[in-house]
1. When the solvent-accessible surface of protein heavy atoms is calculated with a 1.4 angstrom probe, in what order do K191, K340 fall, highest first?
2. What is the extension gain from K251 to Q61, computed as 0.36 nm multiplied by their sequence separation minus the C-alpha to C-alpha distance, in nm to one decimal?
3. Percent relative contact order of the range 49-162, based on C-alpha pairs within less than 8 angstrom and at least six residues apart?
4. Show me the ranking of peptides 22-34, 80-92, 315-327, 407-419 by mean Cβ neighbours inside 10 Å, starting with the highest.
5. Using θ = phi - 60° and the Karplus relation 6.51 cos²θ - 1.76 cosθ + 1.60, list the HN-Hα couplings for the range 270-277 in order, rounded to whole Hz, with x at every Gly or Pro.
6. Under a Cβ-only charge scheme (Lys and Arg +1, Asp and Glu -1), can you give me the dipole magnitude of the range 323-458 about the Cα centre, in debye to the nearest 20?
7. Can you give me the accessible area per residue for the chain, using a 1.4 Å probe, in Å²?
8. As a check on your grasp of the helix formula, calculate [θ] at 222 nm for the chain: sum -39500 (n - 2.57) over DSSP H runs of n ≥ 4, divide by the residue count, round to the nearest 500.
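The values are calculated or read from the model by the stated rules, or taken from the named source; none is laboratory data. No experiment lies behind these values; they were computed from the predicted model shown. Please note: Cβ atoms are built from the backbone with ideal geometry, for glycine as well, and neighbour counts cover all protein chains shown. With ligands, DNA and RNA removed, areas are computed over all heavy atoms of the protein, side chains included. Shrake-Rupley method; radii C 1.70, N 1.55, O 1.52, S 1.80 Å.
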Amino acid sequence: MKTKTVYFCTNCGGEFPQWLGKCPACGAWNTLTEHVEAPARSASSAIRRDRAERRPKRLSQIASGNEQRFSTGMGELDRVLGGGAVQGSLVLVGGAPGIGKSTLLLQICNALCRNGTVLYVSGEESESQLKMRAERLGVLPENLLFFAETEMDTILTAVKETKPDILIVDSIQTMSGSDHDSSPGSITQVKDCTMALMQLSKTTGITVFVVGHVNKDGAIAGPKVLEHMVDCVLYFEGERSGAYRLLRAAKNRFGSTNEIGVFEMYDKGLREIPNPSEVLLAGRPKSASGTCVACAMEGSRPLLAEVQALVTRSYLNVPRRTTDGFDYNRAALLVAVLEKRGGLRLSDCDLFLNVIGGLHIDEPGSDLPVAIAIASSFRDQPVADDLTAIGEIGLTGETRMVSNLGQRLTEIARLGFTKCIIPRHGSETITVPKGLQLLRVRNIREAIEIALDDPKQP
């Protein structure tokens, strides 16, 4: 039998007939890997008859069915999934090693086993290791089945025999099929094993959770086509040295991709944090310069996070600009606006910007608190502890309204803040929560003077 050799880009999933140093599709260097394709097998006569009986249908002829959702037992995970897991869906969970992917999936087995049988397949741990981890996490339901196996055909046979309602595969990079001689984790094996799991979930209605490793850039290891096959792609983020973990949806066919789930890692597994704003603001210094509270929208949830800035005199020819949790280019834009429109001489200063708690803020509504934090550090004047700010900043220094302002103000008032700086234009019809004073400003200069309680305040 003749085989065909093609080259896949691990960054974008592009396919090419020969190896190239640079991917023509996405421009990434040294990402093309060899893939030997075996000749396609001819379908059996039964499959050919079934395919011959299929005909294209009009939209009006297709029966619409409601998606059947069920709770995973963790509200934060249900939020990211769009209200719960969907029956017959294929969910890919990715993250750095040791971040808590396996712990999360094993913990939800307690709730999942109340309504059916769960088959947990591990290619990285033995059955005794799985039992030890389950006992440590307190996961001991009777209808939870463990299976230490890496051969995909054997796993599919076990699924037919046990007929589970939920299948968890940990991890896809350790699985291999008998049709190929390549090692587990190769592009061929990852693609074919994921395709087999996708066909299993769609034909039997079994909900499948798959763990995927990430590469050094933080993306799911393997071809990009792997993410196109699945229904939902979740990323588990956080610092291994820290206690907090963030769960984001990069793709979700059954819900929004803007929601996040917040967890805390402790000695007995992961703990949900239903009110992350209080946790992110815990330990905030009092009467310290260079800090301001921002309110960002993560899907339908307002999150309050502390933004810290440190501005110091630079002894370098080119001042340093370092950001963590905030877009670098956006920070450079705000520095330019502060120097041109705010009257701050930042061109000869080093700037260090950090969002506390590992949160990444990427929305325009955080421009105003970031600018106030920078100005506070530059002037070495603290911002009031009960003050926060919301607003976008334009290139002319004007402040602009942001979305969901009423919901943000409600969360700010609930956490005990009494003053909030917001843009003047567009805020006339906003309902002010009880106990919260709104300070409306037209531009960045007014916002700085009010926030730093300058005698020349307008």
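1. The most accessible residue leads, giving K340, K191.
2. That pair, K251 and Q61, stretches by 65.5 nm at full extension.
3. Dividing the mean separation by the residue count of the range 49-162 yields 21 percent.
4. Peptide ranking by packing, descending: 80-92, 407-419, 22-34, 315-327.
5. Those phi angles translate into 9, 10, 5, 10, x, 10, x, 4 Hz.
6. Numbers: 15 positive and 19 negative charges, 101 e Å.
Taking the Cα centre of the range 323-458 as origin, the dipole is about 480 debye.
7. That works out to 49 Å² per residue.
8. On the way: 13 runs with 121 residues, N = 458.
About -7500 deg cm²/dmol.
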